[in-house]
Amino acid sequence: DVAALAEAPLIVPQEEIGQGFIRDYGIKDLLDFIERFPSFQQMLQTPHWREKWLVIIEWYFQAILRPGGRRRNVLLPVVANALQTLLENLGKIILVDEEPNPDQAKTFSKKPKNYDGGPAEYLIDSLLKRIGISNERENVKKFVKIRNNATHPEQKPISSTEIQPTEIEQWEVVLQAVQWVDEVILWRLGYGGQYRERHLKRERHLKSNQDIQPRYDRSNRHSNW
């Protein structure tokens, strides 16, 4: 811990990203990731990405948990707020700004009346379905509720029969949302290798130790990307 604290000022924010994906997977995955650099450069030529990318990265640094021994983001409201803002912005860029079909883009600009969740829930849910992940609806609902309750505490009395999630269970959902951000950006770049799962395990420490193959569907990407 002493050594980690001593070297903390020497570590630049970009190195924090390495704690997520692209680690210990061998040369094939690294080369696959490097091959995405031209896609990234092309991405930054568009006005919506050029305008938003730096602030997206800033929100991301607020959301990712840092290695032990250094200052970590441990306040749930801060992390949850950064994540929801980040996911909503990614949703608007991908579902609206980058959608070539105006009619299709219009469907994501406003929540349908028959959708049983709020606007943020609809946008995040639609974004995940767009990249080919369709089994996260319940987690999206939980995440938005956790974020809303952390930011705007509920005024109504809590029913004695309603089971409230523990802090660990809330962090588990929030870290799942960090994984959604990773997956959306990797999908947008067209990366096909392994990445590190963000799930919070049941231990008291915040740690991820499982590598997974992409859950997203790269064939859903626009051909001009």
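The values are calculated or read from the model by the stated rules, or taken from the named source; none is laboratory data. Fair warning: this is a prediction, and the values are worked out from it, not measured in the lab. Note: areas computed on protein heavy atoms with side chains; ligands, DNA, RNA excluded. Shrake-Rupley method; radii C 1.70, N 1.55, O 1.52, S 1.80 Å.
3J(HN,Hα) along segment 189-196: 7, x, 5, x, x, 6, 8, 8 Hz, from the Karplus curve 6.51 cos²θ - 1.76 cosθ + 1.60 with θ = phi - 60°, whole Hz, x for Gly and Pro. Amide hydrogen proximity for residue 211: with H placed 1.01 Å from N in the peptide plane, the residues at 5 or more positions away or on another chain lying under 5 Å are 197. Computed in the context of the full set of protein chains, the accessible area of segment 32-152 at 1.4 Å probe radius has 54% of its extent on carbon or sulfur.
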